[in-house]
Amino acid sequence: MSRWRALLLVVTLLVGAGAEGWAHLQWPEDEVRAIRAHGPWPPPAPVDPSNRVSGDPAAIALGERLFNDARLSGAGTMSCASCHQAERNWSDGRARARGRAGLDRRTPSLWNVGQGHWFGWDGAADSLWAQSLRPIIDPLEMAGSTGHVAALLRGDPTLGCFYRRAFGTAPGSDDEALLVDAAKALAAFQETLVSPRTAFDDFRDALVAGDLAAAARYPAAAQRGLKIFMGAGNCNACHFGPRFTNGEFGDVGIPFFVRPGEVDSGRLGGLAKLMASPFNRLGPYSDDKSGASALRTRHVQRLHANFGEFRVPGLRQLGDTGPYMHNGHLATLQDVVRHYSKVSPDRLHSDGVPLVRPLGLSADDQADLVAFLRSLAADPPPRPPPLTECGAG
Ligand code: HEC
Ligand code: HEC
């Protein structure tokens, strides 16, 4: 056996642990494999076959303008950026969004949103463009209208110019088709929101490459937290892959009462909305004429077990951007870890083997898990200035 292979079988890292002195952490081959599955980062740029302008620079420019344009809303006072604020990790720091957006839910961050396949906490949309269209015309959010957005695209010379560059024709006379195009440009812009590389990514790459000196720079507390995350905590059963989400739904025991007598049924209600929507991938507005990208949508089933399930959020770039969960129920990462530590099994509906159970973590273990979660965040680089000029041609 080569020295190289012996090294991979058990990787022992000697890491400084501050006041605790030095800690030895061993990373057996199966754990290195599991860690490897949380990268590489950044992932390849997403391409959505249902959106013909996905990845197109002119569409991205148009989408960025629309994202910040309050004229999309009925009253002219609210833009996407009112709730999805760049400086707040594309969220707003509130437990519940302004108005009654999305049934009193928290505004999710938009980092890495282009990598998902279901959108909204309840998965009521199956594409980023369908999800982007909804708040514009929802009376509880921006309260705009189809005709109003179409008129804006036709009337504003700069928007019209970017539209022409992206879609190849001047804005046409079909209002609903124009609304969908605006949403597709919004989606193209949001696909560019990729969270930065983090201390965890450097660790993961170093471990995979067998560079122990580089791997040892990852703080011991985060390494211990990662062990809990993949081991006793079973967190990566759901928070899987490079974004730390499998993109699906689960119930982790967060209360679903919105107010006395009113519940948020989560995925169960989301599926009903998805199937009723004229803007889903099975409808006429998908640009994927092969239908291949509609496979998931075609096969969804509404099951009673979907009641109270919410989408598994990605865990990158959480930092201190609480509150957390679909309804902002938990204020800090410490609260989240404490929740998983003492969640009541009676509250969880589980079919078969429960993935979540009270972990009973010690205070030190909880602190380590928080240190690990924090290591999945870093300061994002400044965004490149948006394309503002659109040639007269
Ligand atoms: C009033 C605040 C508010 C405004 C304005 C708003 N959003 Fe949201 N956004 C939310 C909330 C709340 C949710 C969660 C909705 C749900 O679960 O049904 C959400 C969800 C999303 C999602 C899904 C993210 C995910 O991880 O699944 C996307 C994408 C999104 N919004 C884009 C937009 C775009 C584009 C606009 C502008 C056209 C916009 N939002 C305007 C509050 C807002
Ligand atoms: C059964 C799948 C599952 C398991 C196992 C699981 N989670 Fe989650 N996690 C979810 C779901 C679903 C949510 C959103 C729940 C909601 O909003 O009601 C969530 C939310 C979170 C959030 C909040 C993120 C945000 O943006 O609001 C954090 C942090 C988190 N989980 C960490 C963990 C940790 C740490 C573990 C292991 C101790 C873990 N999760 C285990 C499914 C799971």
Next on the checklist: Among the residues of region 340-347, are any in contact (Cβ under 8 Å) with a residue 24 or more places away in the chain and within 16 Å of ligand 1 (Cβ to nearest atom)?
Outcome noted: no
Next on the checklist: Return the pair list, or none, for Cβ contacts closer than 8 Å from residues in region 234-256 that are of a type in the set (Val, Ile, Thr) to residues that are away from ligand 1 (no atom under 13 Å from the Cβ) and part of a loop (DSSP other than H, G, I, E, B), at least 6 apart or on different chains.
Outcome noted: Thr245/Cys238; Thr245/His239; Val252/Val343; Val252/Leu348; Val252/Val356; Ile254/His329
Next on the checklist: So in region 73-132, with the set limited to residues that are of a type in the set (D, E, K, R) and within 12 Å of ligand 2 (Cβ to nearest atom), which one is nearest to Arg383 (Cα to Cα)?
Outcome noted: Arg106
Checklist entry - Any chance region 36-57 includes a residue that's within 16 Å of ligand 2 (Cβ to nearest atom), surrounded by 20 or more Cβ atoms within 10 Å (Cβ to Cβ) and either in contact (Cβ under 8 Å) with a residue 12 or more places away in the chain or among the acidic types (Asp, Glu) (or both)? => result yes
Next on the checklist: Filter region 35-69 down to the residues that are basic (Lys, Arg) and either within 16 Å of ligand 1 (Cβ to nearest atom) or assigned to a loop (DSSP other than H, G, I, E, B) (or both) and list them by number.
Outcome noted: Arg52, Arg65
Item to check | Evaluation of Ile228 against (1) in contact (Cβ under 8 Å) with a residue 60 or more places away in the chain; (2) in a loop (DSSP other than H, G, I, E, B); (3) over 23 Å from Asn112 (Cα atoms) (one fails), failing number | outcome: (2)
Next on the checklist: Consider region 337-350. How many of its residues are modelled with pLDDT under 80, within 12 Å of ligand 2 (Cβ to nearest atom) and either in a helix (DSSP H, G or I) or exposed (fewer than 11 other Cβ atoms within 10 Å of the Cβ) (or both)?
Outcome noted: 1
Item to check | Restricting region 189-218 to residues that are buried (at least 21 other Cβ atoms within 10 Å of the Cβ) and more than 28 Å from Leu110 (Cα to Cα), the residue that is farthest from ligand 1 (Cβ to nearest atom) | outcome: Ala215
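Per-residue answers, yes or no, for (1) loosely packed, with under 15 Cβ neighbours inside 10 Å; (2) in contact with a strand residue (DSSP E or B) (Cβ under 9 Å, 6 or more places away or on another chain):
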site: Val258; (1), (2): no, no
site: Leu268; (1), (2): no, yes
site: Lys273; (1), (2): no, yes
site: Asn280; (1), (2): no, yes
site: Ala292; (1), (2): yes, no
site: Val300; (1), (2): no, no
site: Leu303; (1), (2): yes, no
site: Gly308; (1), (2): no, yes
Checklist entry - Is it true that some residue in region 177-194 is more than 26 Å from the chain's Cα centre (by Cα) and either more than 23 Å from Val312 (Cα to Cα) or not assigned by TED's automatic domain parsing to the domain that holds Tyr285 (or both)? => result yes
Checklist entry - Which residue out of Arg296, Arg224, Arg281 is away from ligand 1 (no atom under 15 Å from the Cβ), within 24 Å of the chain's Cα centre (by Cα) and at pLDDT 95 or above? => result Arg281
Checklist entry - In region 191-208, which residue that is in contact with a helix residue (DSSP H, G or I) (Cβ under 9 Å, 6 or more places away or on another chain) and among the small types (Gly, Ala, Ser) is farthest from Ala34 (Cα to Cα)? => result Ala199
Checklist outcome for this item: For region 367-393, the count of residues that are more than 10 Å from ligand 2 (Cβ to nearest atom), within 22 Å of Ala222 (Cα to Cα) and surrounded by 11 or more Cβ atoms within 10 Å (Cβ to Cβ) equals 8
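The values are calculated or read from the model by the stated rules, or taken from the named source; none is laboratory data. Since we're looking at a predicted model, the values are computed, not measured. Neighbour counts run over all protein chains shown; Cβ positions are idealised from the backbone, glycine included.
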